[in-house]
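The values are calculated or read from the model by the stated rules, or taken from the named source; none is laboratory data. All values derive from a computational prediction rather than experimental measurement. Because the Cβ atoms are built from the backbone with ideal geometry, glycine has one as well, and the counts that use them run over all protein chains shown.
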Amino acid sequence: KDVCLMRIKGSGFNGNDLINLQLDAIELFDENTGFTAMEKWTGWHASIVAIHITKNKIKGAIPVEKIMKGKEFLLEAKKRNFNIKLKEI
């Protein structure tokens with residue numbers, strides 16, 4: 001049984017306004033499926049990308065960080081019950 005924790009902080013401009021964001025994610029071992037937290041983090045994002053490829057939403061060889069917009073990936077991750085919180089700091 002394992003736990004994965006992630007915190008990402010980033011800064012950027014939204015128009016002329018500088019914004020700072022923080023993303024916190026917590027993933028736990030899943031008693032129902034038997035998946036470890038690390039299996040879910042490493043496998044489920046790959047399945048999100050694979051599904052988009054089969055739906056022709058992704059074409060060609062593209063670096064993983066450029067495959068999908070963050071908001072789109074976040075929506076897909078939340079459908080899979082990822083515990084992700086994004087806030088402006």
Given the conditions (1) surrounded by 11 or more Cβ atoms within 10 Å (Cβ to Cβ); (2) modelled with pLDDT of 90 or more, every one holds for I53 apart from (2)
Of (1) in contact with an Asp or Glu (Cβ under 8 Å, 6 or more places away or on another chain); (2) assigned to a helix (DSSP H, G or I), W44 satisfies every one except (1)
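Which residues, taken from segment 9-42, are of a type in the set (A, V, I, L, M) and surrounded by 11 or more Cβ atoms within 10 Å (Cβ to Cβ)? Spell out the reasoning first.
As a first pass, look at segment 9-42 and keep what is of a type in the set (A, V, I, L, M): 18-19, 21, 23, 25-26, 28, 37-38.
Of everything in segment 9-42, those that are of a type in the set (A, V, I, L, M) and surrounded by 11 or more Cβ atoms within 10 Å (Cβ to Cβ) turn out to be I19, L21, L23, A25, I26, L28, A37, M38.
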E76: passes all of (1) surrounded by 11 or more Cβ atoms within 10 Å (Cβ to Cβ); (2) touching a Gly at 6+ places or on another chain (Cβ under 8 Å) but (2)
Handout entry: Flag if L5 is assigned to a strand (DSSP E or B), at negative phi and in contact (Cβ under 8 Å) with a residue 40 or more places away in the chain
Key = no
Inspect all residues belonging to segment 24-36 and state whether any of them is of a type in the set (S, T, N, Q), without any contact (Cβ under 8 Å) to a residue 40 or more places away in the chain and assigned to a strand (DSSP E or B). no
Note on K59: of the conditions (1) at pLDDT below 85; (2) among the charged types (D, E, K, R); (3) within 17 Å of the chain's Cα centre (by Cα), unmet is (3)
